[in-house]
Every structure is written in C-alpha cells, then in structure tokens.
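This report refers to the structure that appears directly beneath it.
Taken together, the values in this text are just the output of simple stated rules run on the coordinates, not laboratory data. Just so it is clear, the structure is predicted and the values come from calculations on it, not from any experiment. All Cβ positions, glycine included, derive from the backbone under ideal geometry; neighbour counts span all protein chains shown.
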Amino acid sequence: CCAAALANLDVIERDGLLDRGREMEVELAEALAPLASHELVGEVRSGIGALAAVAFAPEALASRPGLPIELFGEARERGVLVRPLGDAVALSPPLVATREQIDAAAEALDVSLSALDA
C-alpha cells in the first residue's frame, strides 16, 4: 500500500504532472471563457488545476431543471464527457490532454450549448 503510494508520487514528480495541472488551469480558463456569453450560462468556473465547470443561469434552471443532464447528452454526442453536478456540469480533462484537445472540447461544449438554446 505505502509502496504503491510512493511509486505514484514518483510518477507525479518525474512526469511533471503538478506543473501540467497549473498550465491546464490557464488553458481551461481561456478555452471555456467564451461559453459565458451563452444565454443559458450563469458563469464559467475554472482555476483549480484540470477542473472546471459551466454553471447554468438560475433563471434558465428554473424553467429547465434538467439542463445539466441535457448538456451531458449533447456533449457526449460530440465526444466530450462532462459530469452533471447540481446547477452545473464539470469538466476535468486528463493531465495529458493537449491545448488543441482542450480547445476542441470547449468548441464541442459551445456547439452543445447552442443546440440547447435553439
């Protein structure tokens, strides 16, 4: 048990995964920020490593409480997995994701939100 944990810490240090997480904070924030312009979106939350979320506007959720599940379905059809969490969906790409992959995921979410807005 302890040996496995120490080996895991060695991989994290050796592969620079903490630094990559810090880089992804910026990449996710930049890629997802434009999603805040959607009428359904209340805010885009980012800034904690490789974890971000798109929160729905309260008035949108009041009339359509299933929006997080709907966005999950739309995004999944476009190859992006998000987690519905209350008033939002969370996105946490793997630390090996490239900037291009993050941008592609953000674009898929943009298209998915537009589909929900139609």
Worksheet, complete the sentence: Note, the stretch 91-96: 3J(HN,Hα) by Karplus (6.51, -1.76, 1.60, θ = phi - 60°), whole Hz, Gly/Pro = x, goes 10, 9, x, x, 5, 8
Worksheet, complete the sentence: Helix 2-14 sits off the longest principal axis of the Cα atoms of the chain, rounded to the nearest 10 on a 0 to 90 degree scale, by 80
Worksheet, complete the sentence: Out of 71, 18, 91, a Gaussian network model of the chain with alpha-carbon springs under 10 Å gives the largest mean-square fluctuation to 18
Worksheet, complete the sentence: If every Lys and Arg gets +1 and every Asp and Glu gets -1 at its Cβ, then about the Cα centre the chain yields a dipole, in debye to the nearest 20, of 340
Fill in: Label selected from [x] 1.11; [y] 1.18; [z] 1.06, the criterion being Cα Rg over 2.2 N^0.38 Å as computed here
[y]
Worksheet item: How much net charge surrounds residue 108 when only other residues with a Cβ under 12 Å from its Cβ are counted (Lys, Arg +1; Asp, Glu -1)?
Response: -3
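For the stretch 1-91, which GluC sites (Glu not before Pro) pass both filters: DSSP loop (anything but H, G, I, E, B) and at most 15 other C-beta atoms within 10 Å?
In loop regions of the stretch 1-91 (DSSP not H, G, I, E or B), the sparsely surrounded GluC sites (Glu not before Pro) are 39.
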